[in-house]
Amino acid sequence: MEFGDLPPQVMDAFLRILNDHLDVAQVNLENDKILFPVLAFVNGDFSLGQVIPLQPPMTSQINSEAALGAAIQILGSSYYEKALFSCSTKIKSGDGDVIDAIKTVLFDQCGIAATFYTPYHYKGMFKKKVAYAKNIFDGVIENFFQRQ
């Protein structure tokens with residue numbers, strides 16, 4: 001399924017949540033240089049509700065797949081309208097370079113999950129600011145919990 005095939009209200013909500021999240025993540029990346037795995041429940045007004053860290057604070061290596069698995073287990077026993085899983089990761093660019101990116105998986109209560117990667121880099125001479133590249137859509141999974 002492609003992102004454009006989603007119902008318009010789900011597509012619009014996912015894009016708004018993603019953009020709001022990237023604004024918040026930018027501050028974290030500038031301060032901490034990494035975005036540790038997190039699961040957040042999104043309220044009806046698109047503000048973040050409960051936020052659950054998914055990695056022990058003393059560990060610097062991120063295992064995004066293990067963290068995503070933990071998020072899915074939590075979601076399986078929780079009520080939510082929309083939820084967001086996100087963390088720093090590395091991806092390969094079109095020319096084979098390994099680049100930093102934010103992996104974001106957005107969940108809807110109807111069982112749809114959409115994954116995005118947002119490459120980023122730091123710019124600026126003295127005060128390093130995060131600059132995002134264009135979001136990369138990775139796919140939509142329908143009936144997400146039935147496939148796990």
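The values are calculated or read from the model by the stated rules, or taken from the named source; none is laboratory data. Not measured: the values here are computed from a predicted model. A quick note on method: Cβ atoms are made from the backbone with ideal geometry, for glycine too, and the neighbour counts reach across all protein chains shown. Just the protein is used for accessible areas: all its heavy atoms, side chains included, with ligands, DNA and RNA removed. Shrake-Rupley method; radii C 1.70, N 1.55, O 1.52, S 1.80 Å.
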- Positions within segment 1-18 being closer than 16 Å to Asp138 by Cα and modelled with pLDDT of 90 or more, in sequence order: Met11, Phe14, Leu15, Leu18
- Look at segment 35-68 and say how many of its residues are hydrophobic (A, V, I, L, M, F, W, C) and open to solvent by less than 40 Å² (accessible area, probe 1.4 Å). 10
- Query: Which residues, taken from segment 19-32, are modelled with pLDDT of 90 or more, of a type outside the set (A, V, I, L, M) and open to solvent by 30 Å² or more (accessible area, probe 1.4 Å)?
  - Reply: Asn19, Asp20, Asp23, Gln26, Asn28, Glu30, Asn31
- Message: Restricting to segment 10-52, name every residue that is part of a loop (DSSP other than H, G, I, E, B) and in contact (Cβ under 8 Å) with a residue 40 or more places away in the chain.
- Response: Ile34, Leu35, Phe36, Pro37
- Query: Listed residues Lys103, Lys128; which is charged (D, E, K, R) and more than 17 Å from the chain's Cα centre (by Cα)?
  - Reply: Lys128
- Do any strands (runs of 3 or more DSSP E) lying entirely in segment 69-148 carry at least 2 residues that are open to solvent by 50 Å² or more (accessible area, probe 1.4 Å), at pLDDT 90 or above and more than 14 Å from Phe14 (Cβ to Cβ), and which ones are they? 82-92, 98-108, 113-123, 129-132
